[in-house]
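The values are calculated or read from the model by the stated rules, or taken from the named source; none is laboratory data. Bear in mind the structure is a predicted one, so any value in this text is a computation, not a measurement. Counting neighbours? That spans all protein chains shown, and the Cβs are built from the backbone with ideal geometry, glycine included. Just the protein is used for accessible areas: all its heavy atoms, side chains included, with ligands, DNA and RNA removed. Shrake-Rupley method; radii C 1.70, N 1.55, O 1.52, S 1.80 Å.
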Amino acid sequence: MAPTEFPSFPNLVPDALTHKEIESRLAEGGPAVPPVVRRAVADCLTGEISPNVALARLLLESGRVEPVEASLAAAAARWGEPLPAAFAELLRMVRDNREGCERAADLLREHPSPEPVADAGETIDANRRFFDAAVRAHEEVSVAAYALGNPALLAAATQEIVDLFERWGLLGPERAALEIGCGIGRMQAGLSSRLGTIHGIDISPEMIAAARRRCAGLDNVHLAVSSGEDLSSFPSGSLDLVFAVDSFPYIHQAGPDLVEAHFDEVNRVLRPGGDFVLLNFSYRDDLAADREEFEALCEETGFLMEVQGIEPFTVWDGIVFLGRKPGSARG
């Protein structure tokens, strides 16, 4: 399979303006530009986030496409011509992905609160209902609002993860892997040719149905609905890689007991030298706290902490953590 061509988001800000200078420029004269829009545009123009992530953040804040579109038009008017390439790309993405933006706004508006709750079972049930409805509404949006319903953007984000796993030596024809919260099976489809076996579990039956359809014909892909409480369907020492792509925050939301249970379960099912990768730990927007908690959990469970929260991607702003079970080297 040919590698996905990644979108190019050049940073062409005149005179290398700083984040503060960009926000100030967008606050001067012309139509009013809300502070949240000024920040998102500045983050985009300084290369901190991609245009599609900036747009997704604005859709999350607003809940509707029209105010976002109007605010970006006002920001462009304040900036004047010529627009930096990343700014022009931001405006183009709204125009060319209008339906996907609307679906993303709908999903983000209905998204369960990220605040921790007291009852893990209730949280799992609420998230199951949400994702069942979300995947029925729009498959690509249901797993990545930042892809704006665009299959090419989702494929590019998926390929970035595949390439990272390859660079880190996490893949191989003899390795068995599991994804917790596999959604529509995009990682299974992307990794099937690079692993001996890859499993995917999800609490949403509708997600698993979509994943089975998308992975039809891939004999080394195995998909199943899970309880969300443990990994009891997998024997001890049966896997070389366990990972979660933007699904662990939902486990974190359900409380520390479920988080600790998953670390214990991952440790149980991994072979010596196996890898545990989390792409986003929580949604509390506190990287220092995530790093501290991940380190403490690794120490309690016996994982060797190898990566403590880095942002290696271009298309997506996911934060990556990696722990390794002590033992023989990866092979």
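Structure above, values below:
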quantity: 1.4 Å probe accessible area per residue over the chain, in Å²; calculated: 43
quantity: Apportionment of accessible area to carbon and sulfur, the chain, percent (1.4 Å); calculated: 50
quantity: Sparsely packed trypsin sites (Lys or Arg not before Pro) within the stretch 161-241, loop by DSSP, other Cβ within 10 Å at most 10; calculated: none
quantity: Sites Ser328 and Ala216, calculated FRET efficiency, Cβ-Cβ separation with R0 30 Å, nearest 0.05; calculated: 0.30
quantity: Heavy atoms of Val143 accessible to a 1.4 Å probe, total area in Å² rounded to 10; calculated: 30
quantity: Given 13 as the ceiling on other Cβ atoms within 10 Å, longest exposed-site-free region of the chain for GluC sites (Glu not before Pro) in DSSP loops; calculated: 29-331
quantity: Convex hull per residue volume in Å³, alpha carbons only, for the chain; calculated: 132
quantity: Beta bridges by DSSP in the chain, antiparallel share as percent, to the nearest 5; calculated: 35
